[in-house]
Amino acid sequence: MEESPIYRLSQDSLHQIFSTLPLRQIMICRSVCKLFNQVLSAPCFVDHVFTRSPLHLLALRPPHHHHHHNHRHASSHPCLHAFDPDQSQWMKFNLDFLPFRSPHPVAASLGLVYLWGESPDSPESNKSLVVCNPLTRQFRVLPQLGSAWSRHGSVLVDSSRQVMVLTELAALYFSGAHQWLTFSSNLPSKPRSPILVSDSVYALCDVGSPWRSQWKLFSCTITKLKSSQTWTRLERHEWGDVFDILKRPRLVRGTGNRILMVGGLKSSYSLNTSCSTILILRLDLDSLEWDEAGWMPMGMYRCFQESSKFKVFGGGDRVCFSGKRVGRLALWDHCSGKGEWRWIEGVPGNGDGLCRGFVLEAKLTALP
(Lines give C-alpha, C1' and ligand atoms only; values in the text may rest on other atoms or scores of the structure.)
Protein backbone atom coordinates (compact mmCIF):
# COMPACT_ATOMS: atom_id res chain seq x y z
CA MET A 1 0.00 0.00 0.00
CA GLU A 2 1.15 3.53 -0.73
CA GLU A 3 2.41 5.32 2.34
CA SER A 4 0.06 7.97 3.71
CA PRO A 5 1.16 11.55 2.89
CA ILE A 6 1.14 12.43 6.59
CA TYR A 7 4.24 10.26 7.07
CA ARG A 8 6.14 12.62 4.76
CA LEU A 9 5.56 15.62 7.04
CA SER A 10 8.36 16.66 9.34
CA GLN A 11 7.94 16.40 13.11
CA ASP A 12 7.95 20.21 13.37
CA SER A 13 5.06 20.39 10.91
CA LEU A 14 3.08 17.79 12.83
CA HIS A 15 3.72 19.64 16.09
CA GLN A 16 2.46 22.84 14.48
CA ILE A 17 -0.74 21.13 13.31
CA PHE A 18 -1.55 19.36 16.58
CA SER A 19 -0.62 22.31 18.79
CA THR A 20 -3.88 24.02 17.74
CA LEU A 21 -5.95 21.29 19.43
CA PRO A 22 -7.26 21.36 23.02
CA LEU A 23 -5.88 18.78 25.43
CA ARG A 24 -8.86 16.41 25.05
CA GLN A 25 -8.32 16.04 21.29
CA ILE A 26 -4.56 15.68 21.76
CA MET A 27 -5.13 12.72 24.08
CA ILE A 28 -7.56 11.14 21.61
CA CYS A 29 -5.10 11.55 18.74
CA ARG A 30 -2.38 9.82 20.75
CA SER A 31 -4.32 6.58 20.56
CA VAL A 32 -4.85 6.72 16.77
CA CYS A 33 -1.52 5.21 15.75
CA LYS A 34 2.10 4.76 16.83
CA LEU A 35 3.23 7.79 14.81
CA PHE A 36 0.76 10.13 16.52
CA ASN A 37 1.58 8.71 19.94
CA GLN A 38 5.31 9.24 19.33
CA VAL A 39 4.88 12.76 17.95
CA LEU A 40 2.43 13.91 20.64
CA SER A 41 4.48 12.42 23.49
CA ALA A 42 7.74 14.08 22.46
CA PRO A 43 9.14 16.31 25.26
CA CYS A 44 9.42 19.31 22.93
CA PHE A 45 5.71 19.03 22.03
CA VAL A 46 4.66 18.54 25.65
CA ASP A 47 6.62 21.64 26.66
CA HIS A 48 4.89 23.61 23.92
CA VAL A 49 1.30 22.73 24.88
CA PHE A 50 1.57 22.28 28.67
CA THR A 51 -0.53 25.44 29.22
CA ARG A 52 -3.64 23.81 27.72
CA SER A 53 -6.67 23.86 30.02
CA PRO A 54 -6.82 20.69 32.14
CA LEU A 55 -9.42 17.95 31.93
CA HIS A 56 -11.56 18.05 35.09
CA LEU A 57 -11.99 14.38 35.98
CA LEU A 58 -13.18 12.20 38.87
CA ALA A 59 -10.63 9.41 39.29
CA LEU A 60 -11.29 6.08 41.02
CA ARG A 61 -8.98 4.45 43.50
CA PRO A 62 -8.44 0.70 42.99
CA PRO A 63 -10.58 -1.66 45.10
CA HIS A 64 -9.50 -1.58 48.73
CA HIS A 65 -8.33 -5.20 48.92
CA HIS A 66 -5.83 -4.68 46.10
CA HIS A 67 -3.98 -2.26 48.34
CA HIS A 68 -3.51 -4.58 51.29
CA HIS A 69 -2.66 -7.89 49.69
CA ASN A 70 0.12 -9.09 47.50
CA HIS A 71 -1.11 -9.58 43.93
CA ARG A 72 1.87 -11.04 42.15
CA HIS A 73 -0.44 -12.45 39.49
CA ALA A 74 -2.47 -9.27 39.03
CA SER A 75 -2.91 -7.70 35.64
CA SER A 76 0.36 -6.65 34.02
CA HIS A 77 -1.40 -3.54 32.72
CA PRO A 78 -2.39 -1.44 35.75
CA CYS A 79 -4.46 1.61 34.93
CA LEU A 80 -6.29 4.57 36.40
CA HIS A 81 -10.01 4.89 35.59
CA ALA A 82 -11.48 8.41 35.53
CA PHE A 83 -14.87 9.86 34.63
CA ASP A 84 -15.23 13.02 32.57
CA PRO A 85 -18.44 14.75 33.78
CA ASP A 86 -18.35 17.26 30.93
CA GLN A 87 -18.44 14.52 28.28
CA SER A 88 -20.20 11.87 30.42
CA GLN A 89 -17.65 9.24 29.50
CA TRP A 90 -15.04 7.07 31.20
CA MET A 91 -11.34 7.35 30.42
CA LYS A 92 -8.48 4.97 31.17
CA PHE A 93 -4.87 6.00 31.77
CA ASN A 94 -2.29 3.21 31.58
CA LEU A 95 0.17 3.03 34.46
CA ASP A 96 2.34 0.35 32.86
CA PHE A 97 5.29 2.77 32.78
CA LEU A 98 5.61 2.43 36.57
CA PRO A 99 8.03 -0.28 37.79
CA PHE A 100 5.83 -1.18 40.78
CA ARG A 101 3.46 -3.98 41.73
CA SER A 102 -0.19 -3.02 42.16
CA PRO A 103 0.18 0.79 42.06
CA HIS A 104 -2.53 2.37 44.22
CA PRO A 105 -3.42 6.00 43.29
CA VAL A 106 -4.74 7.97 46.28
CA ALA A 107 -4.56 11.71 45.47
CA ALA A 108 -3.81 14.28 42.78
CA SER A 109 -2.86 17.95 42.48
CA LEU A 110 -1.95 20.22 39.56
CA GLY A 111 -2.05 17.35 37.08
CA LEU A 112 0.16 15.02 39.12
CA VAL A 113 -1.06 11.75 40.65
CA TYR A 114 0.24 10.42 43.98
CA LEU A 115 0.19 6.67 44.57
CA TRP A 116 1.54 3.90 46.76
CA GLY A 117 3.69 1.36 44.96
CA GLU A 118 5.73 -1.64 45.99
CA SER A 119 8.97 -2.50 44.27
CA PRO A 120 9.03 -5.93 42.59
CA ASP A 121 12.24 -6.84 44.47
CA SER A 122 11.12 -5.73 47.95
CA PRO A 123 8.71 -7.15 50.57
CA GLU A 124 5.02 -6.37 50.12
CA SER A 125 4.97 -4.21 53.25
CA ASN A 126 7.70 -1.94 51.87
CA LYS A 127 5.65 0.61 49.91
CA SER A 128 6.84 3.95 48.58
CA LEU A 129 4.86 7.10 47.80
CA VAL A 130 5.29 7.92 44.12
CA VAL A 131 4.33 11.04 42.15
CA CYS A 132 3.64 10.64 38.43
CA ASN A 133 1.86 12.14 35.46
CA PRO A 134 -0.05 9.51 33.44
CA LEU A 135 -0.16 11.87 30.44
CA THR A 136 3.60 12.38 30.20
CA ARG A 137 4.44 8.93 31.69
CA GLN A 138 7.01 10.43 34.05
CA PHE A 139 7.39 9.48 37.71
CA ARG A 140 9.51 10.11 40.79
CA VAL A 141 9.76 8.19 44.06
CA LEU A 142 9.47 10.26 47.22
CA PRO A 143 11.69 9.54 50.26
CA GLN A 144 10.90 6.21 51.91
CA LEU A 145 8.23 5.99 54.63
CA GLY A 146 7.39 3.11 56.96
CA SER A 147 4.73 0.57 55.98
CA ALA A 148 2.24 1.89 58.56
CA TRP A 149 1.85 5.12 56.60
CA SER A 150 0.62 3.34 53.46
CA ARG A 151 -1.85 1.20 55.44
CA HIS A 152 -3.40 3.91 57.61
CA GLY A 153 -2.42 7.34 56.27
CA SER A 154 -4.53 9.84 54.33
CA VAL A 155 -2.46 11.49 51.60
CA LEU A 156 -3.12 15.23 51.18
CA VAL A 157 -1.48 17.50 48.60
CA ASP A 158 -1.77 21.30 48.49
CA SER A 159 -1.43 23.76 45.62
CA SER A 160 2.31 24.18 46.26
CA ARG A 161 2.82 20.38 46.12
CA GLN A 162 3.51 19.93 49.79
CA VAL A 163 2.49 16.39 50.66
CA MET A 164 1.05 15.37 54.02
CA VAL A 165 0.36 11.84 55.19
CA LEU A 166 -1.96 12.13 58.18
CA THR A 167 -2.87 9.48 60.75
CA GLU A 168 -2.50 9.82 64.51
CA LEU A 169 0.92 11.04 63.40
CA ALA A 170 1.61 13.20 60.35
CA ALA A 171 4.45 13.63 57.89
CA LEU A 172 5.16 16.65 55.72
CA TYR A 173 7.21 16.43 52.56
CA PHE A 174 8.99 19.53 51.33
CA SER A 175 9.89 19.24 47.66
CA GLY A 176 12.95 21.45 48.12
CA ALA A 177 14.35 19.66 51.16
CA HIS A 178 13.61 16.11 49.94
CA GLN A 179 12.81 14.89 53.43
CA TRP A 180 9.87 14.09 55.69
CA LEU A 181 9.18 15.96 58.91
CA THR A 182 7.37 13.68 61.37
CA PHE A 183 5.37 14.87 64.37
CA SER A 184 2.40 13.98 66.58
CA SER A 185 -0.97 15.17 65.36
CA ASN A 186 -2.26 15.75 68.93
CA LEU A 187 -5.87 15.18 67.89
CA PRO A 188 -8.51 13.80 70.28
CA SER A 189 -9.24 10.87 67.93
CA LYS A 190 -8.34 9.54 64.51
CA PRO A 191 -9.10 12.28 61.94
CA ARG A 192 -11.93 11.57 59.51
CA SER A 193 -11.81 12.76 55.89
CA PRO A 194 -9.01 15.34 56.35
CA ILE A 195 -8.67 17.95 53.60
CA LEU A 196 -6.20 20.70 52.72
CA VAL A 197 -7.42 24.22 51.94
CA SER A 198 -4.64 26.72 51.19
CA ASP A 199 -2.16 26.22 54.05
CA SER A 200 -4.65 24.75 56.54
CA VAL A 201 -5.74 21.21 57.33
CA TYR A 202 -9.35 20.44 58.34
CA ALA A 203 -10.60 17.19 59.83
CA LEU A 204 -13.56 15.79 61.74
CA CYS A 205 -12.85 14.12 65.09
CA ASP A 206 -15.12 12.13 67.38
CA VAL A 207 -15.10 13.70 70.88
CA GLY A 208 -18.09 11.69 72.12
CA SER A 209 -18.38 8.59 74.28
CA PRO A 210 -17.84 4.94 73.29
CA TRP A 211 -21.61 4.50 72.91
CA ARG A 212 -22.47 7.75 71.12
CA SER A 213 -20.43 9.64 68.52
CA GLN A 214 -20.08 13.40 68.68
CA TRP A 215 -18.30 14.93 65.72
CA LYS A 216 -16.47 18.26 65.81
CA LEU A 217 -14.44 20.20 63.25
CA PHE A 218 -10.73 20.79 63.90
CA SER A 219 -8.18 22.81 61.93
CA CYS A 220 -4.52 23.66 62.00
CA THR A 221 -2.17 25.55 59.70
CA ILE A 222 0.88 23.74 58.35
CA THR A 223 3.09 26.36 60.03
CA LYS A 224 1.59 25.54 63.44
CA LEU A 225 1.93 21.82 62.84
CA LYS A 226 5.66 22.31 62.33
CA SER A 227 6.06 24.39 65.48
CA SER A 228 3.42 24.29 68.24
CA GLN A 229 1.55 21.29 66.77
CA THR A 230 -1.76 22.65 68.08
CA TRP A 231 -5.18 22.11 66.49
CA THR A 232 -8.11 24.50 66.91
CA ARG A 233 -11.65 23.30 67.43
CA LEU A 234 -13.86 25.34 65.13
CA GLU A 235 -17.25 26.12 66.62
CA ARG A 236 -19.64 29.02 67.04
CA HIS A 237 -22.78 29.39 69.13
CA GLU A 238 -24.69 30.27 65.95
CA TRP A 239 -23.92 26.85 64.47
CA GLY A 240 -26.30 25.15 66.91
CA ASP A 241 -26.62 21.41 66.26
CA VAL A 242 -25.09 21.41 62.78
CA PHE A 243 -22.87 18.39 63.65
CA ASP A 244 -25.71 16.48 65.34
CA ILE A 245 -28.11 16.39 62.40
CA LEU A 246 -25.76 14.34 60.18
CA LYS A 247 -24.99 10.64 60.51
CA ARG A 248 -21.40 9.63 59.68
CA PRO A 249 -20.37 13.06 58.33
CA ARG A 250 -17.43 13.50 55.92
CA LEU A 251 -15.55 16.52 54.64
CA VAL A 252 -15.00 17.38 50.97
CA ARG A 253 -13.08 20.39 49.70
CA GLY A 254 -15.37 22.97 48.09
CA THR A 255 -14.68 25.82 45.70
CA GLY A 256 -12.52 28.73 46.82
CA ASN A 257 -12.33 29.10 50.57
CA ARG A 258 -15.21 26.74 51.30
CA ILE A 259 -15.55 23.21 52.59
CA LEU A 260 -18.46 20.77 52.24
CA MET A 261 -19.75 18.44 54.96
CA VAL A 262 -21.75 15.47 53.73
CA GLY A 263 -23.75 12.89 55.67
CA GLY A 264 -27.08 11.20 56.17
CA LEU A 265 -29.79 13.55 57.43
CA LYS A 266 -31.08 12.06 60.70
CA SER A 267 -34.81 11.62 61.10
CA SER A 268 -34.51 12.27 64.85
CA TYR A 269 -31.92 12.62 67.61
CA SER A 270 -32.39 9.04 68.89
CA LEU A 271 -29.31 6.80 69.02
CA ASN A 272 -30.08 4.45 66.12
CA THR A 273 -32.24 6.73 64.03
CA SER A 274 -32.70 6.22 60.31
CA CYS A 275 -31.87 8.85 57.69
CA SER A 276 -34.30 10.59 55.36
CA THR A 277 -31.76 11.58 52.67
CA ILE A 278 -28.12 12.61 52.13
CA LEU A 279 -27.43 16.26 52.90
CA ILE A 280 -24.61 18.53 51.68
CA LEU A 281 -23.76 21.49 53.91
CA ARG A 282 -21.29 24.23 52.94
CA LEU A 283 -19.06 26.25 55.28
CA ASP A 284 -17.62 29.61 54.19
CA LEU A 285 -14.25 29.79 55.94
CA ASP A 286 -14.15 33.58 55.65
CA SER A 287 -17.48 34.27 57.37
CA LEU A 288 -17.67 30.91 59.25
CA GLU A 289 -21.31 30.57 58.18
CA TRP A 290 -23.02 27.36 57.07
CA ASP A 291 -25.61 27.04 54.36
CA GLU A 292 -27.38 24.14 52.65
CA ALA A 293 -25.74 23.25 49.35
CA GLY A 294 -28.01 20.39 48.33
CA TRP A 295 -29.77 17.17 49.28
CA MET A 296 -30.16 13.94 47.37
CA PRO A 297 -33.58 13.46 45.70
CA MET A 298 -35.67 10.73 47.29
CA GLY A 299 -35.84 8.65 44.11
CA MET A 300 -32.04 8.47 44.08
CA TYR A 301 -31.66 8.08 47.85
CA ARG A 302 -33.84 4.95 47.89
CA CYS A 303 -30.97 3.14 46.17
CA PHE A 304 -28.69 4.03 49.11
CA GLN A 305 -31.15 3.19 51.90
CA GLU A 306 -30.41 -0.54 51.76
CA SER A 307 -26.63 0.07 51.95
CA SER A 308 -25.25 0.09 55.49
CA LYS A 309 -22.76 2.77 54.51
CA PHE A 310 -21.76 4.88 51.55
CA LYS A 311 -18.56 6.57 50.35
CA VAL A 312 -18.11 10.18 49.26
CA PHE A 313 -15.37 11.69 47.09
CA GLY A 314 -14.86 14.63 44.77
CA GLY A 315 -14.29 18.30 45.32
CA GLY A 316 -15.15 21.76 44.14
CA ASP A 317 -18.64 21.74 42.64
CA ARG A 318 -18.84 17.98 42.09
CA VAL A 319 -19.36 15.24 44.68
CA CYS A 320 -19.74 11.50 43.99
CA PHE A 321 -21.54 8.93 46.12
CA SER A 322 -21.16 5.14 46.02
CA GLY A 323 -22.85 2.38 47.98
CA LYS A 324 -22.73 -1.39 48.10
CA ARG A 325 -24.93 -3.10 45.53
CA VAL A 326 -26.00 0.24 44.04
CA GLY A 327 -24.18 -0.59 40.79
CA ARG A 328 -23.57 3.03 39.75
CA LEU A 329 -22.41 6.36 41.15
CA ALA A 330 -24.59 9.31 42.11
CA LEU A 331 -23.19 12.72 41.14
CA TRP A 332 -24.03 16.13 42.60
CA ASP A 333 -22.96 18.76 40.07
CA HIS A 334 -23.08 22.46 40.99
CA CYS A 335 -20.89 23.73 38.13
CA SER A 336 -23.85 25.37 36.40
CA GLY A 337 -24.72 27.36 39.52
CA LYS A 338 -27.52 25.06 40.63
CA GLY A 339 -27.25 21.65 42.20
CA GLU A 340 -28.07 18.96 39.65
CA TRP A 341 -28.17 15.23 40.45
CA ARG A 342 -27.54 12.44 37.96
CA TRP A 343 -26.36 8.86 37.75
CA ILE A 344 -22.94 7.80 36.44
CA GLU A 345 -23.32 4.49 34.63
CA GLY A 346 -20.70 2.03 33.43
CA VAL A 347 -18.55 2.09 36.56
CA PRO A 348 -15.46 -0.16 36.01
CA GLY A 349 -15.89 -3.42 37.91
CA ASN A 350 -19.71 -3.01 37.66
CA GLY A 351 -19.76 -0.59 40.64
CA ASP A 352 -21.24 -3.11 43.11
CA GLY A 353 -18.64 -2.26 45.75
CA LEU A 354 -17.79 0.94 47.58
CA CYS A 355 -15.88 3.23 45.24
CA ARG A 356 -13.34 5.71 46.55
CA GLY A 357 -11.70 8.42 44.49
CA PHE A 358 -10.30 11.90 44.08
CA VAL A 359 -10.38 14.89 41.75
CA LEU A 360 -7.86 14.80 38.89
CA GLU A 361 -7.14 17.89 36.81
CA ALA A 362 -5.29 16.05 34.06
CA LYS A 363 -2.76 18.17 32.21
CA LEU A 364 0.71 17.98 30.73
CA THR A 365 2.49 18.98 33.93
CA ALA A 366 6.21 18.32 34.26
CA LEU A 367 7.52 16.73 37.43
CA PRO A 368 9.18 19.19 39.86
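The values are calculated or read from the model by the stated rules, or taken from the named source; none is laboratory data. Given the structure is predicted, the values throughout are model-derived calculations rather than measurements. Cβ placement follows ideal geometry from the backbone for every residue including glycine, while neighbour counts extend to all protein chains displayed.
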Reported set for region 324-333 where residues are at pLDDT 90 or above and either buried (at least 21 other Cβ atoms within 10 Å of the Cβ) or not acidic (Asp, Glu) (or both) is Arg328, Leu329, Ala330, Leu331, Trp332
Residue hits (region 284-322; at pLDDT 90 or above and within 20 Å of the chain's Cα centre (by Cα)) are Lys311, Val312, Phe313, Gly314, Gly315, Gly316, Asp317, Arg318, Val319, Cys320, Phe321, Ser322
Residue set Leu234, Leu196, Leu181, Leu172; condition over 27 Å from Val312 (Cα atoms) and of a type in the set (A, V, I, L, M); output residue Leu181
Pairing a residue in region 188-215 that is touching a residue at least 60 places away in the same chain (Cβ under 8 Å) and buried (at least 18 other Cβ atoms within 10 Å of the Cβ) with any residue that is assigned to a strand (DSSP E or B) and of a type in the set (Phe, Trp, Tyr), where Cβ atoms lie under 8 Å and the two sit 6 or more apart in sequence or on different chains, gives Ile195/Tyr202
Looking at Thr221, is it in contact (Cβ under 8 Å) with a residue 60 or more places away in the chain, under 24 Å from Phe358 (Cα atoms) and hydroxyl-bearing (Ser, Thr, Tyr)?
no
Restrict the check to region 289-298 and report whether at least one residue is in contact with a Cys (Cβ under 7 Å, 6 or more places away or on another chain) and of a type in the set (A, V, I, L, M, F, W, C).
no
Please work out if Glu124 is buried (at least 16 other Cβ atoms within 10 Å of the Cβ), over 30 Å from Arg236 (Cβ atoms) and at pLDDT below 85. no
(Q) Any residue that is under 18 Å from Leu58 (Cα atoms), in contact with a Lys or Arg (Cβ under 7 Å, 6 or more places away or on another chain) and not charged (D, E, K, R) - is there at least one of those in region 279-292? (A) no
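Out of the residues in region 224-260 that are of a type in the set (Lys, Arg) and out of contact with any Cys (no Cβ under 7 Å at 6 or more places or on another chain), state the one that is nearest to Phe358 (Cα to Cα).
Keep residues of region 224-260 that are of a type in the set (Lys, Arg), which gives 224, 226, 233, 236, 247-248, 250, 253, 258.
In the following step, the residues that additionally are out of contact with any Cys (no Cβ under 7 Å at 6 or more places or on another chain) were identified as 224, 226, 233, 236, 248, 250, 253, 258.
Values: Lys224: 27, Lys226: 26, Arg233: 26, Arg236: 30, Arg248: 19, Arg250: 14, Arg253: 11, Arg258: 17 Å.
Per the criteria, the residue is Arg253.
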Expected output for region 22-51 (first residue farther than 19 Å from Lys92 by Cα, partner surrounded by 15 or more Cβ atoms within 10 Å (Cβ to Cβ), Cβ below 6 Å, 6+ apart or cross-chain) is Val39/Leu14; Phe45/His15; Val46/Thr136; Val46/Leu364; Phe50/Leu364
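Could you list, in sequence order, the residues of region 171-190 that are aromatic (Phe, Trp, Tyr) and either within 22 Å of the chain's Cα centre (by Cα) or under 26 Å from Arg212 (Cα atoms) (or both)?
Just the residues of region 171-190 that are aromatic (Phe, Trp, Tyr), to begin with: 173-174, 180, 183.
Within region 171-190, Tyr173, Phe174, Trp180 qualify.
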Scanning region 19-61 residue by residue, those over 21 Å from the mean Cα position of the chain (by Cα) and in a loop (DSSP other than H, G, I, E, B) turn out to be Ser19, Thr20, Leu21, Pro22, Ser31, Val32, Cys33, Ala42, Phe50, Thr51, Arg52
If we keep only residues of region 173-200 that are out of contact with any helix residue (DSSP H, G or I) (no Cβ under 8 Å at 6 or more places or on another chain), assigned to a strand (DSSP E or B) and farther than 27 Å from Leu285 by Cα, then the residue modelled with the highest pLDDT is Trp180
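Out of all the residues in region 135-170, which are assigned to a strand (DSSP E or B), over 17 Å from the mean Cα position of the chain (by Cα) and β-branched (Val, Ile, Thr)?
Within region 135-170, the first condition is being assigned to a strand (DSSP E or B), and the residues that meet it are 138-141, 154-157, 163-166, 169-170.
Subset that is over 17 Å from the mean Cα position of the chain (by Cα): 138-141, 169-170.
The answer is Val141, and nothing else.
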